[in-house]
Amino acid sequence: MSVAKIFANASAIVTCAGPQRGRRGMEMSDAGVLKNAGVAIESGRIAAVGDVKDLRPRFAGATEIDCRGGVLTPGLVDSHTHAVFGKSRAEEQELRASGVGYMEIAKRGGGIHSSVRDLRALSEADLIKLALPRLRRLLSYGATTVEIKSGYGLDAESELKTLAVIGRLSKLLPIRIVATWLGGHEIPLEQRDRPGGRAECIAKLKADTAAVAKQGIARFADVFCEPGVFSIEESREILAAAKEAGLAIKLHADELEPSGGAELAVELGAASADHLAAISAEGIRALAGSNTVATLLPGTMLFLGKNKNAPAREMIDAGAAIALATDYNPGTSPTPNLPLMMTLGISVLHMTAAEAMIAVTANGAAALNLATETGQIAPGFSADLSLFDIADWRELAYWYGDRRCVGSWCRGEPCHPMEAGLS
Ligand code: NIG
Ligand code: FE
């Protein structure tokens with residue numbers, strides 16, 4: 001039996017406790033902040049939350065962890081990343097600044113295509129070597145659950161290679177990793193530039209869903225649904241096949257232009273619709289009346305230099321559930337910093353601090369169908385905790401770009417090396 005631990009002396013515990021599903025609208029306005037409380041964990045689960053004086057006799061012999069006046073939160077959930085890739089695409093940043101758009105770069109065979117050429121030439125071992133330090137950096141900001149998509153392989157073999165890498169990473173790192181198959185990230189150049197290639201691509205993707213589901217190497221299927229990439233009809237075909245095969249659904253939707261992506265996500269019962277900077281009024285209505293989480297990625301719009309942003313305030317006021325994520329990828333959002341997305345959520349998307357906190361915990365978990373497992377500090381939940389060196393919990397989004405995480409635990413096990421000094 002594992003020895004219990006008691007987390008004591010936190011200046012605040014942000015529990016995010018509440019319903020075990022996506023928090024919608026007003027439900028996001030309470031982050032469940034407790035003062036003068038501690039947390040007991042045992043066998044990888046949260047056992048109790050309450051006054052440390054009461055916890056001590058209940059968990060006799062427990063190791064005590066001194067939080068030194070810091071703030072304890074649920075382990076953060078980064079519910080949208082593309083963290084397995086080859087080299088950086090730093091040259092595209094300047095190109096965009098000179099006026100060449102993201103879609104134009106893709107048309108010229110760069111963008112995602114450039115990362116595809118790169119990843120296809122790398123071995124599983126190469127990709128693991130590249131991904132490990134990147135993920136360690138990402139979790140050093142406080143994430144204990146991370147979703148990772150494939151999507152830089154595009155052919156069946158390279159997509160399966162990427163998913164195998166994601167599977168290996170989840171054994172090498174002490175965090176929870178959720179794999180998503182994004183075979184429909186782009187039309188590969190070998191099919192795009194050939195008559196009949198497009199139809200062939202869709203047919204192959206539909207067939208691949210069965211292999212992915214059968215091997216149990218991804219929990220979700222995702223498609224980049226955007227004018228110029230996959231249309232609504234094509235996305236529906238691919239994702240309907242994925243659903244039929246037993247995969248849960250996500251969708252890159254309405255990122256740059258409105259095309260009905262949010263509505264399609266709701267129609268398919270997707271766990272999340274992601275991006276949504278160009279969502280329509282109908283899209284907002286559809287999401288607000290559904291359990292599909294709207295995952296917003298404000299770092300992407302910042303890095304692409306767009307003035308347009310997802311209408312988070314309007315969506316929350318309409319009753320939608322919002323998550324925030326990094327979209328960590330080499331093209332549009334090369335940041336591992338999830339608290340920075342909270343900063344953008346508040347300062348750019350007009351969310352409250354509590355809403356931003358729920359968006360990277362309980363709602364991030366809901367976007368991964370994990371709302372009963374993580375994202376809350378409440379008895380029975382996985383012992384996923386992050387400790388931040390801040391005096392007021394709202395400072396997590398305030399000291400922007402700063403790394404304040406001084407320890408994190410996933411399933412009760414330490415997973416952030418700086419924790420070493422914390423006993
Ligand atoms: O979520 N929008 C599509 N996919 C990624 C970007 C991929 C890339 O440019 O490498 C995104 O932003
Ligand atoms: Fe993405």
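The values are calculated or read from the model by the stated rules, or taken from the named source; none is laboratory data. A quick note: this is a predicted structure, and the numbers were derived from the prediction, not measured. We place every Cβ from the backbone using ideal geometry, glycine too, and count neighbours over all the protein chains shown. In case anyone asks, the SASA skips ligands and DNA or RNA and just uses the protein heavy atoms, side chains included. Shrake-Rupley method; radii C 1.70, N 1.55, O 1.52, S 1.80 Å.
As a fraction of the 1.4 Å probe accessible area of the chain, surface on carbon and sulfur atoms comes out at 53 percent.
Do any of K5/K250; K107/K171; K35/K306; K35/K171; K149/K308 go past 31 Å between their Cα atoms, and which?
On the way: K5/K250 36 Å; K107/K171 37 Å; K35/K306 40 Å; K35/K171 36 Å; K149/K308 25 Å.
Table pairs above 31 Å Cα-Cα are K5/K250; K107/K171; K35/K306; K35/K171.
Can you tell me what share of the DSSP beta bridges in the chain is antiparallel? A percent to the nearest 5 is fine. Expressed as a percentage, antiparallel bridges in the chain total about 40. Extension gain for Q215 to E233 (0.36 nm times residue separation, less C-alpha to C-alpha distance): 3.8 nm. Under 5 Å between amide hydrogens, built in the peptide plane, is the criterion, and for K149 it picks out T81, H82, A83, V84, T180 among residues at least 5 positions away or on other chains. If you take the charge dipole of the chain about its Cα centre, with +1 on Lys and Arg Cβ and -1 on Asp and Glu Cβ, which of T162, T292, A312 is farthest toward its positive end? Result: T162, furthest along the dipole toward the positive end.
Stick to the Cα atoms of segment 77-366, pair each with every other, and give me the Kirkwood hydrodynamic radius in Å at one decimal.
Working: mean 1/r = 0.0537 Å⁻¹.
Hydrodynamic radius (Kirkwood, Cα only) of segment 77-366 equals 18.6 Å.
Under 4 °C and 1.567 mPa s, how fast does segment 161-306 diffuse according to Stokes-Einstein, given a Kirkwood radius computed over C-alpha pairs? Answer in µm²/s, whole number. Result for D is 82 µm²/s.
Under the simplified labelling scheme, the R137-E267 pair shows an inter-label distance of 4.0 nm, with each label point 7 Å from Cα along Cα→Cβ. Taking a Cβ cut-off of under 11 Å around D327, the surrounding Lys, Arg, Asp and Glu residues balance to a net charge of -3, with basic ones at +1 and acidic ones at -1. Would you mind finding the longest exposed-site-free stretch of the chain, with exposed trypsin sites (Lys or Arg not before Pro) meaning DSSP loop and at most 13 other Cβ atoms within 10 Å? Counting at most 13 other Cβ atoms within 10 Å as exposed, the longest clean stretch of the chain is 109-307. Rounded to the nearest 20 debye, the dipole size of segment 77-366 about its Cα centre is 880 debye, using +1 on the Cβ of Lys and Arg and -1 on the Cβ of Asp and Glu. Rounded to the nearest 500, what is the chain's calculated 222 nm mean residue ellipticity when only DSSP H runs of at least 4 contribute -39500 (n - 2.57) each, over all residues? It lands at -10500 deg cm²/dmol. From the alpha carbon centroid of segment 102-173 to that of segment 383-415 is 26 Å.
Two numbers describe the Cα atoms of segment 182-254: Rg and Dmax, which are 11.6, 34 Å.
Normalised per residue, the accessible area of segment 12-95 is 43 Å², obtained with a 1.4 Å probe and no contribution from ligands, DNA or RNA.
Could you check which residue among T374, T361, T63 shows the biggest mean-square fluctuation in a GNM of the chain with a 10 Å Cα cutoff? Judging by the Gaussian network model, the answer is T63.
Over the chain, what relative contact order in percent results from Cα pairs under 8 Å that are six or more residues apart? Could you put the intermediate results ahead of the total?
Numbers: 1041 pairs, mean separation 95.7, N = 423.
After rounding, I find 23 percent.
Amide hydrogen proximity for T326: with H placed 1.01 Å from N in the peptide plane, the residues at 5 or more positions away or on another chain lying under 5 Å are S79, H80.
With the simple model of a label 7 Å out from the Cα in the direction of the Cβ, E124 to D66 spans 4.5 nm.
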